[in-house]
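Undergrad: Handing you this structure, nothing more for now.
The values are calculated or read from the model by the stated rules, or taken from the named source; none is laboratory data. From a predicted model like this one, the values you see are computed outputs, not experimental measurements. Cβ atoms come from the backbone with ideal geometry, glycine included; neighbour counts cover every protein chain shown.
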Amino acid sequence: MAKIVTMGELIVEIMRDREDSPLGQAGYFRGPFPSGAPAIFIDAASRLGLSSALISGVGDDAFGHMMLERLAEDGVDVSNVIVDRSCSTGCAFVSYDSSGDRSFIFHIGNTPAVKGRLRNEEILDDTAFFHIMGCSVMSERAFGESIVGTMKKAVSKGARVSFDPNIRPELMKDPSVSELMEEILKETAVFLPGLGELMKFTGKDTEEEAVKSYFDIYPKMKYIVVKNGKHGAMCHERDNTTAFGVYEIEPVDATGAGDTFDATFLVSLLLGKDSLEALRNASAAAAINTAAFGPMEGRVTWEKIEKMKAGKGE
């Protein structure tokens, strides 16, 4: 049993060692680093003290064993992560340009990353949030269907759904996954899009109009948390809106900041914090994560979050 459960890809990330080094040119990389948006998310949730579990898959290889060891070390229940001897652990190659934009080459299809299946339904018995990343749903149609099926089981047991669309154009191969996204949105209580994603989905002219359309269409939606990079984030509730900026820190690597934000926001809600305090905690955690190279290497803790909030950096 776990308070927070997610299902999605486990991959290693192999990253360019400097900005403006395109993937199509010879150059140097750093890694492998444990990664995959669901893994980054659930690792942060566990490090912040919530019982957490991941449904996924890895290969029976050095990359897969590294992933499982890191997650288990940080307290994540990995009993629903399959270890597949027939194929290798998924991976992603990543480059950055000087504006902060990223390019990816994913090797996820035909890897254990998209073969994870719920093996023990008891893990969902006490779940407060079942969290979904859009990149997991769009990685492969059959895997997306499995995630939606597991979501429905979690909801039937009383879990709420949190959803970060986390759109990756490199993975968007099958337009029909939009049907799965719609099924998820109908069950979503906490929606965590970037501002661009929010506007793209609705076609509205302003954030306020887009938010109103979501609340009108999806009655289960309670929070819409809009992340807007260096401009901070806004939390919209049906009768209240709160906003918070960012903590000043020298960024090293933005990978995983949004996933860490998601986890910290949800954990804060489960600890009884109001939306403003949840935003403050989540923004601090995201900043901490950007100060380390590698998607999960910020190793967020409450001690680090409180230190950041007190203005003392990481």
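Undergrad: So which residues in the stretch 5-63 are among the polar types (S, T, N, Q) and in contact with a helix residue (DSSP H, G or I) (Cβ under 7 Å, 6 or more places away or on another chain), if there are any at all?
TA: Correct list: Thr6, Ser52, Ser56.
So that you can scan it fast, the table gives a plain yes or no per residue for (1) hydroxyl-bearing (Ser, Thr, Tyr); (2) at pLDDT 95 or above:
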site	(1), (2)
Glu122	no, no
Ser139	yes, no
Gly149	no, yes
Ser162	yes, yes
Asp174	no, no
Val177	no, no
Glu182	no, no
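Undergrad: In the list Thr241, Thr264, Thr260, which residue meets the criterion of being polar (S, T, N, Q), part of a strand (DSSP E or B) and modelled with pLDDT of 95 or more?
TA: That would be Thr241, the only listed residue that is polar (S, T, N, Q), part of a strand (DSSP E or B) and modelled with pLDDT of 95 or more.
Undergrad: Can you say whether Phe130 is farther than 30 Å from Gly272 by Cα and hydrophobic (A, V, I, L, M, F, W, C), as far as the supplied structure shows?
TA: Criteria not met by Phe130.
Undergrad: Another one. Based on what the data block shows, is Ser46 over 22 Å from Gly144 (Cβ atoms) and either of a type in the set (Val, Ile, Thr) or surrounded by fewer than 21 Cβ atoms within 10 Å (Cβ to Cβ) (or both)?
TA: no
Undergrad: Do we find a residue being small (Gly, Ala, Ser) and in a helix (DSSP H, G or I) anywhere in the stretch 106-113?
TA: yes
Undergrad: Can Ser46 be described as of a type in the set (S, T, N, Q), closer than 23 Å to Ala257 by Cβ and touching a Gly at 6+ places or on another chain (Cβ under 7 Å)?
TA: yes
Undergrad: Only one of these is in a helix (DSSP H, G or I) and either farther than 17 Å from Arg30 by Cα or without any contact (Cβ under 8 Å) to a residue 24 or more places away in the chain (or both): Leu54, Leu68. Name it.
TA: Exactly one of Leu54, Leu68 is in a helix (DSSP H, G or I) and either farther than 17 Å from Arg30 by Cα or without any contact (Cβ under 8 Å) to a residue 24 or more places away in the chain (or both), namely Leu68.
Undergrad: Which of (1) over 23 Å from Met296 (Cβ atoms); (2) assigned to a helix (DSSP H, G or I); (3) of a type outside the set (Asp, Glu) is the odd one out, the single condition Met234 does not satisfy?
TA: (2)
Undergrad: Counting just the residues of the stretch 258-314 that are touching a residue at least 60 places away in the same chain (Cβ under 8 Å) and of a type in the set (Asp, Glu), which one comes out surrounded by the fewest Cβ atoms within 10 Å (Cβ to Cβ)?
TA: Glu297
Undergrad: If you don't mind, another one. Condition check: of a type in the set (S, T, N, Q) and either within 24 Å of Asp43 (Cβ to Cβ) or touching a Cys at 6+ places or on another chain (Cβ under 9 Å) (or both). Does Thr202 satisfy that?
TA: no
Undergrad: In addition: With the checklist (1) modelled with pLDDT of 95 or more; (2) hydrophobic (A, V, I, L, M, F, W, C); (3) surrounded by fewer than 22 Cβ atoms within 10 Å (Cβ to Cβ); (4) in a loop (DSSP other than H, G, I, E, B) in hand, flag the one item Met221 doesn't pass.
TA: In the conditions (1) modelled with pLDDT of 95 or more; (2) hydrophobic (A, V, I, L, M, F, W, C); (3) surrounded by fewer than 22 Cβ atoms within 10 Å (Cβ to Cβ); (4) in a loop (DSSP other than H, G, I, E, B), Met221 misses (3) alone.
Undergrad: Related question: Exactly one condition in (1) crowded, with 24+ Cβ neighbours inside 10 Å; (2) touching a Phe, Trp or Tyr at 6+ places or on another chain (Cβ under 6 Å); (3) farther than 22 Å from Met138 by Cβ is false for Glu19; which is it?
TA: Exception for Glu19: condition (1).
Undergrad: Next question. Is it the case, given these coordinates, that Ser103 is small (Gly, Ala, Ser), modelled with pLDDT under 90, under 30 Å from Gly229 (Cβ atoms) and not in a loop (DSSP other than H, G, I, E, B)?
TA: yes
Undergrad: Let me ask another. Write out, first by first residue and then by second, each pair whose Cβ atoms fall under 6 Å of each other, whose residues are 6+ apart or on separate chains, and whose first residue, in the stretch 12-30, is over 25 Å from Ser56 (Cβ atoms) while the second is of a type in the set (Lys, Arg).
TA: Asp17/Arg30
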